[in-house]
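The values are calculated or read from the model by the stated rules, or taken from the named source; none is laboratory data. Predicted model only: the values in this text are computed from it and were never measured. No Cβ is skipped: glycine too gets one built from the backbone with ideal geometry, and neighbour counts run over all protein chains shown. Areas reflect the complete protein model, heavy atoms only, side chains present, ligands, DNA and RNA absent. Shrake-Rupley method; radii C 1.70, N 1.55, O 1.52, S 1.80 Å.
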Amino acid sequence: MGRVEAELKRKKESGEKLFFLLSDPEKPLEPSLVKKFAEHGADALLIGGSLNVTPYHIDEYIAKLRNEGIRLPFILFPGGLNNIAGSADAILFMTLLNSLDPYWIIGAQVSAAPLIKMLGLEAIPTGYIIVGHGGAAGHIGRALPVPYENTYVLGAYAAAAELLGLRALYLEAGSGAPRPVPVEGVASARRGGEELLLIVGGGIRDKETAREIVGAGADAIVVGTLAEKAPEKALDILDTIKKA
Ligand code: 1GP
């Protein structure tokens with residue numbers, strides 16, 4: 001296990017709830033805003049999810065953030081091979097567990113792995129699951145989304161992820177989803193894979209929802225759209241979960 005993951009694990013084990021800010025490199029968050037989140041105790045900046053960027057754009061963005069003195073772990077959250085950039089601190093090395101297309105389960109990973117090793121990037125082995133709406137990630141990833149009403153299935157996915165040796169599990173409702181992952185689904189995944197770093201994102205827009213999601217057993221929440229559209233509300237969520 002690498003340095004970034006070990007630090008997240010240490011925080012998880014101390015009972016701390018984590019906040020991951022998401023910046024889409026196609027329309028990246030301003031460094032001054034990222035700095036504000038870092039000062040409020042954000043635990044990492046996830047970068048990725050874009051079709052329309054090259055690794056060069058991502059390296060440039062990370063350099064800009066570092067020049068501003070921002071010391072957050074910069075973790076790639078790749079939407080494809082074009083999102084792999086060597087200056088990041090780590091990458092969520094994801095397999096889209098409920099894709100119908102083997103490319104997103106193992107094909108992209110085979111193409112990416114030699115490059116990740118060559119760049120010396122820390123890989124965090126992560127199961128990724130699309131729930132409900134799924135947004136663009138669900139469409140691009142050719143997922144069979146877990147229905148909002150049948151979230152008990154997530155417990156089985158979590159157990160499978162754990163037995164396969166994955167160390168993190170990301171429940172994704174889709175960026176800007178009308179509804180986030182239901183709390184029952186979060187609780188079910190928590191029971192299914194107790195050791196996993198459980199990450200939940202997509203459609204989290206208020207502190208009550210965030211509090212419920214971490215209360216149901218999520219270790220980390222991801223906030224992207226809200227940070228872009230209403231940063232003060234997103235900061236309020238961060239403050240809330242740090243007090244949870
Ligand atoms: C998307 O889970 C993330 O991949 C965050 O979603 O943009 O809705 O916060 P939002």
- Note on the structure: For L197, the residues 5 or more places away or on another chain with a placed amide H closer than 5 Å to its own amide H are A168, L169
- Note on the structure: Taking Y152, Y157, Y170 and ranking on accessible area (1.4 Å, protein atoms only), highest first, one gets Y152, Y157, Y170
- Highest GNM mean-square fluctuation among I84, I62, I140, for the chain with Cα springs under 10 Å, belongs to I140
- Note on the structure: CD proxy, 222 nm, the chain: helix-only mean residue ellipticity via -39,500 (n - 2.57) per DSSP H run with n ≥ 4, per residue, nearest 500, stands at -12000 deg cm²/dmol
- Item | Karplus 3J(HN,Hα) series, Hz, for the stretch 24-37 with 6.51 cos²θ - 1.76 cosθ + 1.60 (x for Gly, Pro) | 8, x, 6, 9, x, 5, 4, x, 4, 6, 4, 4, 4, 5
- Note on the structure: Mean-square fluctuation maximum in Gaussian network of the chain, Cα pairs under 10 Å, restricted to L96, L81, L166, hits L81
- Query: If you stretched the chain out fully between D101 and E149, how much longer would it get, using 0.36 nm times the residue separation minus the C-alpha to C-alpha distance?
  - Reply: 14.9 nm
- Note on the structure: Mean-square fluctuation maximum in Gaussian network of the chain, Cα pairs under 10 Å, restricted to G193, G107, G203, hits G107
- Inter-centroid distance (Cα atoms) of the stretch 137-178 relative to the stretch 185-231, Å: 13
- Message: Here is the link list: K117/K229; K117/K233; K64/K229. Which ones come out longer than 28 Å on Cα distance?
- Response: K117/K229; K117/K233
- Item | the chain, accessible surface, carbon-and-sulfur percent (1.4 angstrom probe) | 56
- Task: Check cross-link reach from K12 to the lysines: straight Cα distance under 17 Å, and skip same-chain residues fewer than eight apart.
- Result: K242, K243
- Message: Spelling out what I want: for every residue of the stretch 57-67, take phi, set θ = phi - 60°, compute 6.51 cos²θ - 1.76 cosθ + 1.60 (Karplus), and round to whole Hz; glycine and proline get x.
- Response: 4, 5, 4, 5, 5, 5, 4, 4, 5, 5, 5
- What Rg and what Dmax come out for the stretch 118-244 when only alpha-carbon atoms are used, in angstroms? 14.2, 43
- Under Karplus coefficients 6.51, -1.76 and 1.60, residue-wise ³J(HN,Hα) of the stretch 49-54 in Hz, glycine/proline x: x, 9, 8, 9, 9, 10
- Query: Excluding same-chain residues fewer than 8 positions from K11, which aspartates and glutamates have a Cα within less than 20 Å of its Cα?
  - Reply: E39, D43, D89, E122, E162, E194, E195, E212, D219, D239
- Nearest 20 debye, what's the magnitude of the dipole of the chain about its Cα centre given +1 on Lys and Arg Cβ and -1 on Asp and Glu Cβ? 180
